[in-house]
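One structure below.
The values are calculated or read from the model by the stated rules, or taken from the named source; none is laboratory data. Fair warning: this is a prediction, and the values are worked out from it, not measured in the lab. Neighbour counts are summed over all protein chains in view; Cβ atoms, including those assigned to glycine, are modelled from backbone coordinates with ideal geometry.
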Amino acid sequence: MSLKPSINLEKLPKHIAVIMDGNGRWAKEKGKNRVFGHKSGVGSVRDVSEACAELGVEYLTLYAFSVENWNRPKLEVSALMELLVRTIGSETETLMKNQIRLKTIGSLSSLPKRAQEQLAKVIEKTKDNKRLTLCLALSYGGRNEIVEACKSIASLVKNSEINIEDITESTLNQHLYDPSIPDPELMIRTSGEYRLSNFLLWQAAYTELYFTEEYWPDFNKESLYKAILSFQQRERRFGKTSEQLKAL
Ligand code: FPP
């Protein structure tokens, strides 16, 4: 029986972030190569995006390629880039049909030209879609993002455009890769690893973390429903006491 009807649609996380992990191990267990695992992971990307759009989740951010992933074997890196270009191209119609807007965060200028062009094309084509924003973190590093934000703020100070005393958390927020995306309420990591791995370090300050043993290619709509149900059973206190929250 599906878990979907048990979800309280009034208490949905507005933004879900996912560390898609375990493609390589999934493939190895099947006697296949790592790229086969990544290709199979695309099915889960499709499933989870569709499930978020159907439920009414507004933002979904997927950790598709970290800055550290550039250190993987050359062949795997180029296969991942090729997969990205091909998938974005072949899924454009599905994005349009489901009213999904594509966005990216990360150091995009490090990606191959073809990938940059393909992304720019699909971002432009889907920019007015309103149902779900699908944000791909590409060549992304949380520490990098914070360093870049600090550099932009420092240059504003240098040019006397703002005073040091006026720098707040909101100033830093405004200099992240995409300030329009709210902090994630729920972050999911697959494959039984319990780390953030440099993902959304600033934004995850109050994010609820959910870990599952499932490898990413096995993660499907029901897996997502289970994660959302776990989120909905938690009490988010933001530093307050349980009693204070109940009095609200
Ligand atoms: C982690 O598994 C996964 C990645 C580094 C890449 C994720 C990419 C995809 C699912 C496909 C392309 C995505 C889009 C959005 C089109 P791993 O290789 O670290 O697995 P392991 O830990 O078992 O080695």
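Going by the structure shown, is Val48 more than 18 Å from Cys135 (Cα to Cα) and within 13 Å of the ligand (Cβ to nearest atom)? So Val48 does not fit the description; no. Specify the residue that is nearest to Asn220 (Cα to Cα); the eligible residues are those in the stretch 1-35 that are basic (Lys, Arg) and more than 8 Å from the ligand (Cβ to nearest atom). Only one residue tops the list, namely Lys4. Figure legend. Inter-residue proximity from the stretch 34-62: first residues over 16 Å from Ile7 (Cβ atoms) and touching a residue at least 12 places away in the same chain (Cβ under 8 Å), second residues polar (S, T, N, Q) and within 11 Å of the ligand (Cβ to nearest atom), beta-carbon distance below 6 Å, spacing 6+ or different chains. Indicated pairs: Gly37/Asn23; His38/Asn23; Gly41/Asn23; Val42/Thr87.
Is it true that Ser223 is modelled with pLDDT of 95 or more, closer than 11 Å to Ile19 by Cβ and surrounded by 15 or more Cβ atoms within 10 Å (Cβ to Cβ)? Break it down into steps so the answer makes sense when it comes.
Values: modelled with pLDDT of 95 or more: yes; closer than 11 Å to Ile19 by Cβ: no; surrounded by 15 or more Cβ atoms within 10 Å (Cβ to Cβ): yes.
No: the conditions fail for Ser223.
Of all residues in the stretch 104-118, those being surrounded by fewer than 19 Cβ atoms within 10 Å (Cβ to Cβ), under 26 Å from Ala204 (Cβ atoms) and touching a residue at least 24 places away in the same chain (Cβ under 8 Å) number 3. Within the stretch 85-112, if we keep just the residues that are touching a Leu at 6+ places or on another chain (Cβ under 9 Å) and of a type in the set (A, V, I, L, M), the residue that is nearest to Pro179 (Cα to Cα) turns out to be Ile105.
Restricting the stretch 194-206 to residues that are surrounded by fewer than 14 Cβ atoms within 10 Å (Cβ to Cβ) and within 14 Å of the ligand (Cβ to nearest atom) leaves a set whose member that is farthest from Ser66 (Cα to Cα) is Tyr194. For Val67, work out the one condition from (1) out of contact with any Pro (no Cβ under 8 Å at 6 or more places or on another chain); (2) within 11 Å of the ligand (Cβ to nearest atom) it doesn't fulfil. Going through the list (1) out of contact with any Pro (no Cβ under 8 Å at 6 or more places or on another chain); (2) within 11 Å of the ligand (Cβ to nearest atom), Val67 breaks only (2).
Only one entry in Leu176, Leu209 is out of contact with any Lys or Arg (no Cβ under 6 Å at 6 or more places or on another chain), in a loop (DSSP other than H, G, I, E, B) and surrounded by 12 or more Cβ atoms within 10 Å (Cβ to Cβ), namely Leu176.
Every test in (1) buried (at least 17 other Cβ atoms within 10 Å of the Cβ); (2) within 13 Å of the ligand (Cβ to nearest atom); (3) modelled with pLDDT under 95 is passed by Thr94 save one, and that test is (1). Considering the conditions (1) closer than 28 Å to Phe231 by Cβ; (2) surrounded by fewer than 18 Cβ atoms within 10 Å (Cβ to Cβ); (3) touching a strand residue (DSSP E or B) at 6+ places or on another chain (Cβ under 8 Å), Leu3 is excluded by exactly one of them, (3).
Would it be correct to say that Asn198 is of a type in the set (S, T, N, Q), within 16 Å of the chain's Cα centre (by Cα) and part of a loop (DSSP other than H, G, I, E, B)?
Numbers: of a type in the set (S, T, N, Q): yes; within 16 Å of the chain's Cα centre (by Cα): yes; part of a loop (DSSP other than H, G, I, E, B): yes.
Answer is yes for this residue.
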